[in-house]
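First up is the structure itself, then whatever we jot down about it.
The values are calculated or read from the model by the stated rules, or taken from the named source; none is laboratory data. Here the structure is a predicted model, which means the values were calculated and not measured. Virtual Cβ from ideal backbone geometry, glycine too; neighbours counted across all protein chains shown.
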Amino acid sequence: MMKTFNTIMNSIWFWIGLFILTYIIAMDAKNIAEYLNAPWLTKYPKDWIFPTKTYISSFMNWLIEDASFGLFTFTEFTRAISWTIEQPYKFVLALLSSGFTSGFGKNIVQILPPLSWLGVLAFVIALAHYAKSWFLAFIVGLSFLYLAVFGQWDSAMITLASVVIAVPIGVGLGLMFGIYAYYHPLFEKILNAILDLMQTIPIFAYLVPILFMFGFGPVSALIATVIYAAPPMVRNTMLALKSVDPEIKDFGIMTGCTRFQLTWRILVPASLNQIMVGTNQVIMLSLNMVIIASMIGAGGLGFDVLSSLRRLDIGGGFEAGIAIVILAIAIDRLSQAFAVRQVQINKKHKDYGVLSRYKRTFIVIGILLSALIFGQFLPFLQDFPKAYELSTGTFWSDLIKYLNINYFDYFEAVKIFLLKGFMLPIKRFLLSVPWGWMILILTILGWKFGGWKLALLNLLMSLFIVINGVWDKAMITIYLCGASVIIAAAIGLPLGILAAVNDKAGKIIGVFIDTLQTLPSFVYLIPVVMLFRIGDFTAMIAIILYALVPAVRYTAHGVKNTNPELIEAGIVSGATKWQTLTKIRLPLALPEILLGINQTIMLALSMLVITALVGTRDLGQEVYIALTKADTGRGLVAGLAIAFIAIMADRIISAGAKKARIRYGMEAE
Amino acid sequence: MLGSTKFVCKNIWKLFGPDAEKFLTKNPNPSLEEIKQAGLIPAVRDANVEVEEGEIFVIMGLSGSGKSTLIRCMSRLIEPTHGELMLDGVDLRNISDKQMIEIRRHKLGMVFQHFALLPHLNILKNVAFPLTIQGVSVREAEKRAEQVIELVGLKGYNKSYPRELSGGQQQRVGIARSLAVEPELWFLDEPFSALDPLIRREMQDEFLRLQAMLKKTIIFITHDFDEAIRLADRIAIMKDGKIIQIATPENLILNPADNYVEEFTKHVSRAKILSVKSVMSSTLCDSEEEVDGSAKIVDVAEQIVATKTPIRVVQNGQAIGSIDAKKIIEILVKQV
């Protein structure tokens, strides 16, 4: 029985039949439901909704109002955390941006101004020179100069202050967790499961509880940033410690190291390379988080982008967005240079006098002090003169205006064509498939690719979605994400193949996708909104741009790394180039391509919440609404629903890729 | 004091797999088949070793013979499944972690196959490292480190980093580092296996020179039979986790325990290892010349072959037997 069932499922006709059947059911669902007088078949009744979100919300209320650990209450606990984070943040913020003040309200007096722009510029240049070379100093200096000249200085310093605080906390926490997990295998397993789940839950979902517990403000934003940025540090730490040569660890034990000595004097220093990779990722993720964090109270560049987006001020948003990218590049290069430097500490130091040895330090301190003293009389030393500031904002706005005036019809035609011919049919189809049937199909899919375990997982996860009353929103999510992924794949696969077979094209495409990857996700939204206005289509374009990268990258990698012997075998058999590509390279690259599509889906899902800003009606919107209302239950339920969709897609596709690899003998069963 | 027992391994077992300990308590002396049937992987089976003070004890075996696991059991880097370890009469498996740390800090030293130098520290700091772990002040530790670095012939390399040195130099650092704490029991885990053959010989000589000076109790692991013969006072041959024979190099060649051991001995140059007295005949004879009984054949072969008649063998001025050219030629020809 089982065996026949499996053979049936392996037949392509079974799937075609299932699809046709689904289509027919979807078309006639309303009639059938009416005929049977069972409206619940098509629409999950409101009365059946299980109030998970109410429970979560009242739990959160209890936590904040009544929960107590005996000696202190939960609220006192969260306040203590806020206070601890706030103190260093306030100090750095004062140093970089606001200056030191005393008194309150009207009596507020500035005791000391913030560091002057010249001083900060000198400092980062000196740092870059110390870390690597004059060339790096030039790049970093130019980046900071850009921030000053284009009027982004103040915002950039606020952003920098939050990065300066978030990164050490993230790195420290990541190290602690990683080290603890290294010594406790059980903890490592639990931690890995949590990290996996965190990767699929959209960031927004945990913004809501943070907002609820810590209130709106920079501290909440810092906490959210740390939670977002620390996981790669945990993973890298575990990886780093494990990669230490076992002989070196044995040596440590034989020398009679205590565990503390073994950790801090042997394992961590010996794997500093990998740990610095983690640190670098923390820095990059902190900067990625800048815009999202501004939704719960971070100021700075992120806030500028967000508010421009809300005002539909294309120029302003673009400028601030580019400033984030430039800041990110400068800090990234700087931290990478430090990482390399840490590892090659053996530059031979010749002993000059104290003055020449610390000449960088003296110069920087000199500039800072003179800017502080003379800045009182010569304001341009303190702040970059407003008169010399440039703005590209109007240029971008004008460009968009010009495009809109002259090419509006073309844009509109493309939009309507794709909407009517492609997007809406998918949406209607998905929404009209009865929920019970859809769950059945998901379960069968799970069975086909991953056996009964995956079938059960899919069943439970899709039941969670329907029981919590977010089924329709989930379907819209799948539609929006699915449509984007189809187009992203349709563009990405050919680009990937082209990049693999043609070196020149590969280089150009490489630069293109590298650029796409460094831009913060919000930046895509601005020009697209300007050209196509608000709606699903705009959201789709933004998602495609954001999610395209892995499709291209994995395809290129898969096609390029086909076993050369197999290609030679093809050539010897007289295959044309086209035949080698279609008959040898592509089929063998299939597992890799599948993984690329999987990544594309993950990125598309994580972009959904951001596109909520342009008025989608999916789960992302649900999270966004929950965020504005600080409704923890609603936000978490919607967030989990997105995570479950992501997990189902991920497991099905990974299982499919694994099956393909096994069939090709690339992996053992 | 030479001759007293320094370190004892008694009935050491190491089986990998679930519930190995339970399995051994139930069946204290299982056969290879029984172990495999229980789904366990045997790494060391019932190893018994007694190492004398000041002795170079070599454990020789091919890869997979369990020699690396055995030395790791001896140093408790791996916990043995069963067995006793006694160092100076102290039961190493029955002391607290703290005491074990103290013993490692002051009594044990280990040299590793791939040197295990800390990449982030320079040579001086690497060698001083074990001392600073003990809490010795940096200045004192580095002073001592400089002495041992000079001892292994690396003076002037203090500020270099490990990757700037050649393999042989790196292992000298490894040796210096393990000697810095003046260990009583010195483990060397295939210390020269990663080196080129020429360098390997040079390092073996260096090792013998150091040992002549320091007289440590040494447990030395190798897969190279020639190396074992060259360095050892006694050799233990391992196969499939079991020690099949423990003997002096000379005895190993004269009385191999089985074909496996004999196979190794076939290819060594016997004349260099065998002494006159181990191959002489016990009949006394009169001759003008005489040879010392403990001399190696290779050193006296020419003298004996040049004489037509048998030569008297003496020890401590007393005649103990005789030897003739025929015997010498036999030994010289037998070697490959």
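Going through (1) out of contact with any helix residue (DSSP H, G or I) (no Cβ under 6 Å at 6 or more places or on another chain); (2) more than 8 Å from chain A (Cβ to nearest Cβ); (3) in contact (Cβ under 8 Å) with a residue 40 or more places away in the chain one by one, B:Lys155 falls short only on (3). For B:Asn255, the conditions (1) over 23 Å from B:Lys272 (Cβ atoms); (2) surrounded by fewer than 17 Cβ atoms within 10 Å (Cβ to Cβ); (3) polar (S, T, N, Q) are fulfilled apart from (1). Each residue in the stretch A:52-94 was checked for being aromatic (Phe, Trp, Tyr) and assigned to a loop (DSSP other than H, G, I, E, B), and 2 of them qualify.
Quick grid of which residues meet (1) surrounded by 15 or more Cβ atoms within 10 Å (Cβ to Cβ); (2) in contact with a Gly (Cβ under 6 Å, 6 or more places away or on another chain); (3) not β-branched (Val, Ile, Thr):
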position	(1), (2), (3)
A:Phe187	no, no, yes
A:Leu191	yes, no, yes
A:Ile194	no, no, no
A:Leu197	no, no, yes
A:Phe204	yes, no, yes
A:Leu207	yes, no, yes
A:Ala221	yes, yes, yes
A:Thr225	yes, no, no
A:Arg235	yes, no, yes
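Only one entry of A:Phe100, A:Phe123, A:Phe135 meets the criterion of being free of Cβ contacts under 8 Å to residues at least 12 places away in the same chain and under 30 Å from A:Lys359 (Cβ atoms), and that entry is A:Phe135.
Where helices (runs of 4 or more DSSP H) fall wholly inside the stretch A:171-258, the ranges with 3 or more residues that are in contact with an Asp or Glu (Cβ under 9 Å, 6 or more places away or on another chain) and either touching a residue at least 24 places away in the same chain (Cβ under 8 Å) or over 24 Å from B:Asp97 (Cβ atoms) (or both) are A:218-243.
Whether any residue in the stretch B:166-177 is within 10 Å of chain A (Cβ to nearest Cβ), under 19 Å from B:Arg209 (Cβ atoms) and not hydroxyl-bearing (Ser, Thr, Tyr) is what I want to check. Looking for residues that are within 10 Å of chain A (Cβ to nearest Cβ), under 19 Å from B:Arg209 (Cβ atoms) and not hydroxyl-bearing (Ser, Thr, Tyr), one finds at least one in the stretch B:166-177, hence yes. The single condition among (1) at pLDDT 90 or above; (2) among the β-branched types (Val, Ile, Thr); (3) farther than 30 Å from A:Asp618 by Cβ that A:Ile223 does not satisfy is (3).
Condition check ((1) among the small types (Gly, Ala, Ser); (2) outside any helix (DSSP H, G or I); (3) at pLDDT 85 or above) across all residues:
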{"position": "A:Leu267", "(1), (2), (3)": "no, no, yes"}
{"position": "A:Asn273", "(1), (2), (3)": "no, no, no"}
{"position": "A:Gly278", "(1), (2), (3)": "yes, no, yes"}
{"position": "A:Gln281", "(1), (2), (3)": "no, no, no"}
{"position": "A:Ile291", "(1), (2), (3)": "no, no, no"}
{"position": "A:Gly299", "(1), (2), (3)": "yes, yes, no"}
{"position": "A:Leu306", "(1), (2), (3)": "no, no, no"}
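Taken together, the residues in the stretch A:486-537 that are of a type in the set (A, V, I, L, M, F, W, C) and outside any helix (DSSP H, G or I) amount to 2.
Scanning the stretch A:433-491 for residues that are surrounded by 16 or more Cβ atoms within 10 Å (Cβ to Cβ) and on the phi > 0 side of the Ramachandran plot returns a single hit, A:Gly469.
Evaluation of B:Glu102 against the conditions (1) touching a residue at least 12 places away in the same chain (Cβ under 8 Å); (2) of a type in the set (D, E, K, R); (3) within 19 Å of A:Phe260 (Cα to Cα) shows that the sole unmet condition is (1).
Tell me whether the stretch A:588-611 contains one or more residues that are of a type in the set (S, T, N, Q) and without any contact (Cβ under 8 Å) to a residue 24 or more places away in the chain. The answer is no, given that none of the residues of the stretch A:588-611 is of a type in the set (S, T, N, Q) and without any contact (Cβ under 8 Å) to a residue 24 or more places away in the chain. Restricting attention to the stretch A:235-281, the residues being of a type in the set (Phe, Trp, Tyr), over 13 Å from A:Tyr182 (Cβ atoms) and more than 9 Å from chain B (Cβ to nearest Cβ) number 1.
Of all residues in the stretch B:114-138, how many are in contact with a strand residue (DSSP E or B) (Cβ under 9 Å, 6 or more places away or on another chain) and either more than 7 Å from chain A (Cβ to nearest Cβ) or not in a loop (DSSP other than H, G, I, E, B) (or both)? Looking only at that region, the number is 1. Candidates in the stretch B:72-97 are the residues that are closer than 14 Å to A:Ile253 by Cβ and surrounded by fewer than 17 Cβ atoms within 10 Å (Cβ to Cβ); of these, the one that is nearest to the other protein chains (Cβ to nearest Cβ) is B:Asp97. For the stretch B:273-284, the criterion of being touching a Pro at 6+ places or on another chain (Cβ under 6 Å) and of a type in the set (Val, Ile, Thr) is met by at least one residue.
How about the stretch B:25-51: which of its residues are closer than 12 Å to B:Thr81 by Cβ, crowded, with 19+ Cβ neighbours inside 10 Å and touching a strand residue (DSSP E or B) at 6+ places or on another chain (Cβ under 7 Å)? Answer for the stretch B:25-51, where residues must be closer than 12 Å to B:Thr81 by Cβ, crowded, with 19+ Cβ neighbours inside 10 Å and touching a strand residue (DSSP E or B) at 6+ places or on another chain (Cβ under 7 Å): B:Ile35, B:Leu40, B:Pro42, B:Ala43, B:Val44, B:Arg45, B:Ala47.
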